[in-house]
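Take a look at the structure set out below.
The values are calculated or read from the model by the stated rules, or taken from the named source; none is laboratory data. No experiment lies behind these values; they were computed from the predicted model shown. All Cβ positions, glycine included, derive from the backbone under ideal geometry; neighbour counts span all protein chains shown. Note: areas computed on protein heavy atoms with side chains; ligands, DNA, RNA excluded. Shrake-Rupley method; radii C 1.70, N 1.55, O 1.52, S 1.80 Å.
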Amino acid sequence: MDLEKLDINKIIDALVNLLRAMNGGWATVAAFLLSVFGVAAFWWWWNKIKDKAAKDETERKRREDQAKNPKDNADAERDGKKAADEIEEIIHDSERQGE
Amino acid sequence: MRYLLVAFLWLTACAGNLKPDPVPGAIDSGYPTAEILACGKRTVGLAICTIAQGDPLETLGIRVQGYYKGVVKIDSEACSIHTAQRYDNSSTVKAPISGPATKECAIDFVVSPEYPKDTSSGLVIQSLKGRVWIRVIPPGSSHFGLNTKIRQGLNAFLDIPYSDTTPTRVVFRGCGASYDKTLTPANGKLRVALHDLRNMFRVEDCIFEGAVMGRTPIRVTWQVWSYSEKFLPLSIPTTRISGGKLYVKAEAAVSVIALDRDYSITNETEFDFDPSRSHVLRLATVGGRIMIGEWNGSWTWKN
């Protein structure tokens, strides 16, 4: 069953119909409360599973991004430094030729 | 009874929660969004600082903005920084650099926010990336720098302010570029096309270093990040100021709206607002898309 596609309107319809069918009394109230708490408990449990999976995935992504940082940095620094050195050399050569 | 039930269930499920972001995450799309304060400016994702050789690095005042609470990882091989610092209360984290400037370095940040409802949203919270490029120049020399974030495959232009009118030699190196052309200034500027330096069809970042070889050379840095065409930067929110309040309505994917240090987990909210003072408004999605508004009598938006 795809829990993401559960239609909440159908669940509410079922609960309201159940109340009507039981036709009043303490049994009706008890059944209604049990149904509501049952749905709430299921909802809580399902969200707990989703939260745990998301939290684990967030942690995995964070660790991966943080571990990648030094490599990205070293690559950028090496290339940027080389470019800056070459430009300084070109400027230096140009100034020497101008003298 | 029916409507009461619907209202109860809806409020339980939706009120004040983080929301999914339908757009691919910023960090995976090659779009840096960490909020950087460097050399007296606030930028999103990228910054360039120039410093004269021998001047103290701490004068650059490089910091990164934290969101709610979390961890900031800071790395720079050349500036010898490899650290992870925790922050809270939406504070900024200072890059630990000091001593005289001797060589270029790139300071990379990864900001990993931990929002108050991280654990009750069932959503993956993505980190934010940023980079500050420090260019060391000889004392007394002039420099021009620009950061560009460009959708991959598209062209971008670098306009270098230049008052002379005679054709001038312009050179560029970096990221495989070997550019050496004589350009004629027009309307007080020299224009360089990204595609003449390098075609960027993949997601990647490049630091181009160059020089305008006039009578007095001008050093130029162009930091370009080419991001995935699937990525969409966050749009500017609707704002209204009325009766000492600021009303903000952002697009549906926005999960966090903050004015200065006041946070709200929503995409539509209001804050107490004094228009005579300066403020910073921040919007964030769980995918790391960011929009920043600086208030100084009117809004200046950055993303």
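Among the candidates B:K19, B:K69, which residue alone is outside any strand (DSSP E or B), touching a residue at least 40 places away in the same chain (Cβ under 8 Å) and away from chain A (no Cβ under 11 Å)?
B:K19
Residues are listed down the side, and each one gets a yes or a no for (1) touching a residue at least 40 places away in the same chain (Cβ under 8 Å); (2) under 30 Å from B:P20 (Cα atoms); (3) more than 11 Å from chain A (Cβ to nearest Cβ):
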| site | (1), (2), (3) |
| --- | --- |
| B:V111 | yes, yes, no |
| B:L128 | yes, yes, no |
| B:G145 | yes, no, yes |
| B:F157 | no, no, yes |
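Restricting to segment B:229-246, give me the number of residues that are in contact with an Asp or Glu (Cβ under 8 Å, 6 or more places away or on another chain) and either open to solvent by 70 Å² or more (accessible area, probe 1.4 Å) or in a loop (DSSP other than H, G, I, E, B) (or both). Spell out the reasoning first.
Here is the first cut: in segment B:229-246, the ones in contact with an Asp or Glu (Cβ under 8 Å, 6 or more places away or on another chain) are B:234-235, B:237, B:244-246.
Still in the list and also either open to solvent by 70 Å² or more (accessible area, probe 1.4 Å) or in a loop (DSSP other than H, G, I, E, B) (or both): B:234-235, B:237, B:244.
The number of residues fulfilling the criteria is 4.
I'd like to check something: does segment B:53-63 contain any residue that is acidic (D, E), open to solvent by 60 Å² or more (accessible area, probe 1.4 Å) and over 23 Å from B:H143 (Cα atoms)? Even if it seems obvious, please write down each step before you answer.
Step one: list which residues in segment B:53-63 are acidic (D, E), which gives B:55, B:58.
With the extra rule that they be open to solvent by 60 Å² or more (accessible area, probe 1.4 Å), the set shrinks to B:55, B:58.
Checking which are over 23 Å from B:H143 (Cα atoms) leaves us with none.
No, segment B:53-63 contains no residue that is acidic (D, E), open to solvent by 60 Å² or more (accessible area, probe 1.4 Å) and over 23 Å from B:H143 (Cα atoms).
So A:K5 ticks every box in (1) under 23 Å from the mean Cα position of the chain (by Cα); (2) modelled with pLDDT of 90 or more but one. Which box is left unticked?
Result: A:K5 fails condition (2) only.
In segment B:126-168, which strands (runs of 3 or more DSSP E) lie fully inside it and hold 3 or more residues that are within 12 Å of B:T221 (Cβ to Cβ), modelled with pLDDT of 95 or more and touching an Asp or Glu at 6+ places or on another chain (Cβ under 8 Å)?
B:128-137
Just wondering, is there one or more residues in segment B:163-182 that are within 13 Å of another protein chain (Cβ to nearest Cβ) and either acidic (D, E) or within 30 Å of B:S255 (Cα to Cα) (or both)?
Yes.
Just one of the numbered conditions (1) of a type in the set (S, T, Y); (2) without any contact (Cβ under 8 Å) to a residue 40 or more places away in the chain; (3) over 30 Å from B:G297 (Cα atoms) is not true of B:T238; which one?
(3)
Does B:R173 count as surrounded by 18 or more Cβ atoms within 10 Å (Cβ to Cβ), basic (K, R) and in a strand (DSSP E or B)?
yes
For residues in segment B:72-84 being in a strand (DSSP E or B) and touching a Cys at 6+ places or on another chain (Cβ under 9 Å), which is surrounded by the most Cβ atoms within 10 Å (Cβ to Cβ)?
Within segment B:72-84, the match that is surrounded by the most Cβ atoms within 10 Å (Cβ to Cβ) is B:S76.
Would you pick out the residues in segment B:89-119 that are part of a loop (DSSP other than H, G, I, E, B) and farther than 23 Å from B:V44 by Cβ? Don't jump to the end; show me each part of the working.
In the first step, residues of segment B:89-119 are kept if they are part of a loop (DSSP other than H, G, I, E, B); the result is B:89-91, B:95-99, B:101-104, B:115-117.
Within segment B:89-119, B:S98, B:G99, B:A101, B:T102, B:K103, B:P116, B:K117 qualify.
Being crowded, with 22+ Cβ neighbours inside 10 Å and assigned to a strand (DSSP E or B) is true for just one of B:F208, B:F271. Which residue is that?
Details: B:F271 fails: crowded, with 22+ Cβ neighbours inside 10 Å.
Only one candidate passes the filter, namely B:F208.
May I ask you to verify whether B:T92 is of a type in the set (S, T, N, Q), within 13 Å of the chain's Cα centre (by Cα) and open to solvent by 10 Å² or more (accessible area, probe 1.4 Å)? Steps first, please.
On the way: of a type in the set (S, T, N, Q): yes; within 13 Å of the chain's Cα centre (by Cα): no; open to solvent by 10 Å² or more (accessible area, probe 1.4 Å): yes.
When the stated conditions are applied, B:T92 does not pass them.
Considering each residue of segment A:13-47, count those that are touching a residue at least 12 places away in the same chain (Cβ under 8 Å) and either within 16 Å of the chain's Cα centre (by Cα) or open to solvent by less than 50 Å² (accessible area, probe 1.4 Å) (or both), and give that number.
Going through segment A:13-47 one residue at a time, the tally reaches 8.
Taking the condition at pLDDT 80 or above and in contact with an Asp or Glu (Cβ under 9 Å, 6 or more places away or on another chain), does A:K68 pass?
Numbers: at pLDDT 80 or above: yes; in contact with an Asp or Glu (Cβ under 9 Å, 6 or more places away or on another chain): no.
Judged against the criteria, A:K68 is not a match.
For A:K50, state whether it is in contact with a Ser or Thr (Cβ under 7 Å, 6 or more places away or on another chain), in a helix (DSSP H, G or I) and open to solvent by 40 Å² or more (accessible area, probe 1.4 Å).
When the stated conditions are applied, A:K50 does not pass them.
Let's see how each residue does on (1) more than 8 Å from chain B (Cβ to nearest Cβ); (2) in a helix (DSSP H, G or I); (3) open to solvent by 80 Å² or more (accessible area, probe 1.4 Å):
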position: A:A54; (1), (2), (3): no, yes, no
position: A:R62; (1), (2), (3): no, yes, no
position: A:N69; (1), (2), (3): no, yes, no
position: A:A74; (1), (2), (3): no, yes, no
position: A:E77; (1), (2), (3): no, yes, no
position: A:K81; (1), (2), (3): no, yes, no
position: A:A84; (1), (2), (3): no, yes, no
position: A:E89; (1), (2), (3): yes, yes, yes
position: A:D93; (1), (2), (3): yes, yes, no
